[in-house]
């Protein structure tokens, strides 16, 4: 799930997609979620996209590499390349142009997996011990994931939890905003199932958002009272 | 409420008090909560403390100024002075030596109030529209305050909420840790009522911390389920 708000100051914000998918139906699905400087992430996506279309390029593209690990390496090095281009403006500019990426997907012969790719170009893969990744304005939404996520959760409850985590951030910070993009990948399907956009007037989002305040207050009453 | 963890890297952390109180019984109670660079906040506290003891100093001290607003101005200018001393090391060092402060208290003739004082020395006062202040690692604990705080809350429920907010942060970030210091000021009492320290083995803290995960999962089940 990704939000769509981008801003260059509170007087200059707009809606932009931060989730991008490439697929070879029956063979691979690759999804990127981006956070950080918009010029950097757009350049990254454009480079990956262009290179996947130019068949004459010598290097294999994200549509040809045989494993998700190699795709992560290619995206990491491309991200680093884009950020280092900004070094012409000096190291301070370079730190402003930082971005990070979550890569998810599956290539035939491998399992579905997720990588978190850092601006330095290196990356980590998801494990059972750290079962989720967040990028961008991640702190507000983390406590509910830490406390309520359970690997045995149903698919429907996982979406609900994601929505509550995003909504906690939206209520606390102006730099994250609706609509939200959601992508669900069914393991071993090698196709993009559905990719709904959750708008501000979405009935389910509104029910979750307005119900969560009450549910939290009820949760508090379940805890024992403080006594001096 | 304040935590007590201070660190200079994950291999160098310790316990230090971040809550400081001065009082003139029957006349004023002044409490500071500090966040940011420890050398800066210790210098601030020491300067305020020394100057309140040296009667020959020409300038009035926090124990003599007639209003909380003037106390906030004095603390703001002292904080700015401490941080600017680090400019000798260059502007980069100065930004590392930043700190911010919450000032709370009451002086006879005025109401109890709170100020949030920035490293630049300026400050804002609490209002009904923004009824709480946070400093330091504030993001993790904000969503629960935004959603569950209610000005009609009982005193006991407010402490419970504070504890849940701190615990959400402690579970998500290593830079915040137990024990927690709590101070309760009874309006118009002009004395410090009690100042308990909540240790990791505190029975009430443990009940809240272990109960909150279950309470959150119950809260999630109260929300409608996601349907594709």
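Readers should treat all values here as calculations from the given coordinates under stated rules, not as data from a laboratory. No experiment lies behind these values; they were computed from the predicted model shown. So basically every Cβ, Gly included, is an ideal-geometry build from the backbone, and we count neighbours across all protein chains shown.
Taking 0.36 nm per residue of separation and subtracting the current Cα-Cα distance, fully stretching the chain between residue B:14 and residue B:77 would add 19.8 nm.
Using the Cβ-Cβ distance between residue A:96 and residue B:39 with R0 = 22 Å, the FRET efficiency computed as 1/(1 + (r/R0)^6) comes to roughly 0.20. When its C-alpha radius of gyration is set against 2.2 N^0.38 Å (N residues), the range A:6-48 gives a value of 1.43. Note the angle between two axes, namely the Cα long axis of helix A:38-53 and the longest principal axis of the Cα atoms of chain A, as a number of degrees from 0 to 90, rounded to the nearest 10. Between helix and principal axis, roughly 50 degrees.
Summarising the overall dimensions of the range A:188-228 from its C-alpha atoms, the Rg and Dmax are 18.3, 59 angstrom. The other copies place their residue A:199 label points at 5.8 nm from this one, listed shortest first, where each point is 7 Å from Cα along Cα→Cβ.
Computed from the Cβ-Cβ distance with R0 of 51 Å, the FRET efficiency linking residue B:200 to residue A:21 stands at 0.65.
What average count of beta carbons from other chains do you get within 10 Å of the Cβ of residues in A:143-155?
Averaged over the peptide's residues, the number is 5.
With all pairs of separate Cα atoms included, the range B:5-220 yields a Kirkwood hydrodynamic radius of 18.7 Å. Computed over the range A:1-122, the P(r) curve from all C-alpha pair distances, binned at 10 Å from the origin, holds 13, 43, 33, 10, 1 percent per bin.
Per residue of A:161-173, count partner chain C-beta atoms within 10 Å of its C-beta, then hand back the mean as an integer.
Mean number of neighbouring Cβ atoms from other chains: 3.
Of B:186, A:71, A:82, the sequence from fewest to most neighbouring Cβ atoms within 10 angstrom is B:186, A:82, A:71. The angle between the Cα long axis of helix B:155-172 and the main principal axis of chain B comes to about 80°, on a 0 to 90 degree scale. Ranked for footprinting exposure by Cβ neighbours inside 10 Å, fewest first, B:181, B:193 give B:193, B:181. Ranked by how many other Cβ atoms sit within 10 Å of their own Cβ, fewest first, the residues B:157, A:201, B:214 fall in the order A:201, B:214, B:157.
Note on residue A:153 and residue B:193: the model spin-label points, each 7 Å out from Cα along the C-beta direction, lie 3.9 nm apart.
Against the longest principal axis of chain A, how steep is helix A:68-85, in degrees 0 to 90 to the nearest 10, with axes from Cα atoms? For A:68-85 against chain A, the angle is about 80 degrees.
Computed FRET efficiency, Cβ-Cβ of residue A:214 and residue B:132, R0 25 Å: what is it to the nearest 0.05? After rounding, the FRET efficiency stands at 0.80.
Placing dummy labels 7 Å off each Cα toward the beta-carbon, the span from residue B:171 to residue B:1 is 1.3 nm.
Label positions at residue A:46 and residue B:69, each projected 7 Å from the Cα along the C-beta direction, are separated by 5.3 nm. Taking every pair of alpha-carbon atoms in the protein assembly as shown, give the share separated by more than 28 Å as a whole percent. When every Cα pair of the protein assembly as shown is considered, 59 percent fall beyond 28 Å.
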